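All remarks here apply to the structure that follows.
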Amino acid sequence: MEAIPARARAYVACVALGALLCLLPLSSVRTPWWAVALLAALYAGCEQITRWRLLGTFYPVLLAAAFLLPPPAAALVAVPGALLSPVAGRPRMLRRIWRAAELVVAVWAAAGVHWTLGGRDAVVASDFPYALLPALGAVFAFCLVLSVLDGGILTLAERVPVRRAWRGLLLRSLAPIGVHGLAGLMMAVLWRSPYGPFAALLVLLPMCVSAWVFAQVHRERAAHQATIRALVQAVDIKDGYTRGHSERVGQASMMIARELGMDDEGVEVLRFAGILHDVGKLGVPTRLLRKDGPLTPEERRVIELHPEYGHEMVRGIAFLGEARAAVLHHHERLDGSGYPYGLVGTQIPECARVVAVADAFDAMTSTRSYRRARPVATALEELQRCAGAQFDPRMVTALVRSLGRNGWHPAVTAGEEPHTVPPARTAQSRPGAHR
């Protein structure tokens, strides 16, 4: 973005000044310039490749420098790569200066901690497992500095509230950077071994391969999300009265899944199922979806075809897994009076029983073309009244418990105000007929 606030520019200038102070002692320390040049060129090359391939920042070389060189020399390794690497957004030079400055300070801190804990002697002597302790301390210092500086720029440049800016930054960075730190330690030990720097470079090969695999997974996941967004947007455009309904059903389905103790994969499946449960409405005439007032029996039969339409639409999308069953069966009832197949009890897939409760809950608490929204407490009471006949009691109980603890905070959608209910006030709520 062009308009970087003045306070953010001042913050970048202060960090850049701190980076220069970290580099000042270079003239007074014994520096192996050939090693600095080789590592700096290696890091710059890795940055070009990883940013071009969208693999993220590649830290093993920087951490190897922190394990091998005095703090000012190690910090210098980061400068060329950070200044030459591609950046997203403008002003590009300011962003490059920021990236270089924060990496200089972080590497300087990591090298200082490693040096203080006696890590240099442990690396030279290949003293394991003692060499791990200074390395872990250096990695923690590296993560801590990056987290502190990134939180500051989020607050000043992106206007993220202070109470949220640093939340989770350190914990999220420890595991991935810890892996990079182990690779950097292996590089440093091999560098100091009789095999020399060339052997150290071989460590980067498996790291590059793993980063490439991770990037491919990330791209595939992004493609999945784009597919789902496109389908949901098509439904929202067709049925304007229920705009945002799919996302809210996905949110409620996730709440139920977490309350049931499902693993992350199961929660993700339920999110997909909730978001896509009404995709079959793309095959229903728009005049029926937007009709004011009750439907005739013939019109209702047409609308009741939407689960089968939806299943046909998503049947070939392999990554949806069990979510396809929820698309087909989310209007089944435990007593067998639902549609499209009149399944009874546990014949109905578990994911469909979850989505049925989430769908009914949001239908009742949202304004529709044929009625006003009901209070959350009324909707929960109605769900509990229908538990055992229409809905699975276990799913209803899970939703009630989750709402009691977390409240209901759906996203704001076009033409509709969300019902935000604090955790302690969500007693119990009614499904009624919903399309």
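Take peptides 352-361, 328-337, 271-280 and line them up by average Cβ neighbours within 10 Å, highest first, as a rough protection proxy.
In descending order of packing, they fall as 352-361, 271-280, 328-337.
Specify whether the C-alpha gyration tensor of region 251-406 places it in the rounded, prolate or oblate class, a ≥ b ≥ c being the square roots of the eigenvalues: rounded for a/c under 1.5, otherwise prolate if a/b is larger than b/c and oblate if not.
Verdict is oblate for region 251-406.
Note the angle between two axes, namely the Cα long axis of helix 264-276 and the longest principal axis of the Cα atoms of the chain, as a number of degrees from 0 to 90, rounded to the nearest 10.
Tilt of helix 264-276: around 50 degrees.
Between residue 167 and residue 263, with labels modelled 7 Å along Cα→Cβ, what's the label distance in nm to one decimal, could you check?
2.8 nm
List every residue whose amide H lies under 5 Å from the amide H of residue 374, counting only residues 5 or more places away in sequence or on a different chain, with H placed 1.01 Å from N in the peptide plane.
Here 365, 366 satisfy the definition.
Hey, for a label at residue 346 modelled as a point 7 Å past Cα toward Cβ, could you say which residues of region 255-271 have their backbone N under 15 Å away?
In region 255-271, the label zone of residue 346 (backbone N under 15 Å from the point 7 Å along Cα→Cβ) covers no residue.
What whole-number value in Å² describes the accessible area per residue of region 1-146 for a 1.4 Å probe?
Numbers: 6640 Å² over 146 residues.
The answer is 45 Å² per residue.
Could you tell me the calculated FRET efficiency between residue 83 and residue 295, based on Cβ-Cβ distance and R0 = 41 angstrom, to the nearest 0.05?
The computed FRET efficiency comes out at 0.05.
Tell me, what ³J(HN,Hα) does each residue in region 291-301 have, in order and in whole Hz, if you take phi through Karplus 6.51 cos²θ - 1.76 cosθ + 1.60 with θ = phi - 60° and put x for Gly and Pro?
Result, rounded to whole Hz: 5, 7, x, x, 8, 6, x, 5, 5, 5, 5.
Identify which of the listed values of semi-axes √(5λ) of the Cα gyration tensor in Å was calculated from the structure shown: (1) 41, 25, 20; (2) 32, 28, 24; (3) 55, 22, 20.
Among (1) 41, 25, 20; (2) 32, 28, 24; (3) 55, 22, 20, the one derived from this structure is (3).
Cα axis of helix 204-238 to longest principal axis of the chain: angle in degrees, 0 to 90, nearest 10?
Around 30 degrees separate the two axes.
Given 66, 118, 14, which one lies farthest toward the positive end of the charge dipole of region 1-130, if we put +1 on the Cβ of every Lys and Arg and -1 on the Cβ of every Asp and Glu?
About the Cα centre, the residue reaching furthest to the positive side is 14.
With a sphere of radius 15 Å drawn around the Cβ of residue 72, what net charge do the other residues whose Cβ falls strictly inside it have (Lys, Arg +1; Asp, Glu -1)? Walk me through the intermediate numbers first.
Details: positive: 30, 120; negative: none.
Around residue 72, the surrounding residues sum to +2.
With an 8 Å Cα cut-off and a minimum separation of 6 or more residues, compute the relative contact order for the chain in percent.
Relative CO of the chain lands at 11 percent.
Evaluate the charge dipole of region 41-189 about its Cα centre and quote only its size in Debye, nearest 20, assuming +1 on the Cβ of each Lys and Arg and -1 on the Cβ of each Asp and Glu.
760 debye
Let me have the 222 nm mean residue ellipticity of the chain computed from DSSP H runs of 4+ only, each contributing -39500 (n - 2.57), with the sum over all residues rounded to the nearest 500.
Counting only the DSSP helices, I get -21000 deg cm²/dmol.
Can you give the relative contact order of region 62-103 as a percent, counting alpha carbon pairs under 8 Å and 6+ residues apart?
It comes to 37 percent, rounded to a whole number.
Given R₀ = 56 Å, FRET efficiency for residue 322-residue 30 by Cβ-Cβ distance, to 0.05?
The calculated FRET efficiency here is 0.35.
Between residue 336 and residues 5 or more places away or on another chain, which pairs have amide H atoms under 5 Å apart, with H built 1.01 Å from N, and which residues are they?
Amide H to amide H, under 5 Å and 5 or more residues apart or across chains, residue 336 pairs with 345.
Once you place label points 7 Å from the Cα toward the Cβ at residue 93 and residue 9, how far apart are they in nm?
So the two model labels end up 1.2 nm from each other.
Going by average Cβ density within 10 Å per residue, which order do the peptides 247-258, 378-389, 158-169 take, highest to lowest?
247-258, 378-389, 158-169
On the protein heavy atoms, probe 1.4 angstrom, tell me the percent of accessible surface of region 1-154 carried by carbon and sulfur.
Numbers: 4950 of 6890 Å².
Ligands and nucleic acids excluded, carbon and sulfur give 72 percent.
Using only Cα atoms, find the angle between the long axis of helix 245-259 and the longest principal axis of the chain, and express it within 0 to 90 degrees, rounded to the nearest 10.
Once rounded, one gets 70 degrees.
The values are calculated or read from the model by the stated rules, or taken from the named source; none is laboratory data. Source: prediction; values computed, not measured. Because the Cβ atoms are built from the backbone with ideal geometry, glycine has one as well, and the counts that use them run over all protein chains shown. Each accessible area value is taken on the protein alone, full model and side chains, heavy atoms only, with ligands, DNA and RNA left out. Shrake-Rupley method; radii C 1.70, N 1.55, O 1.52, S 1.80 Å.
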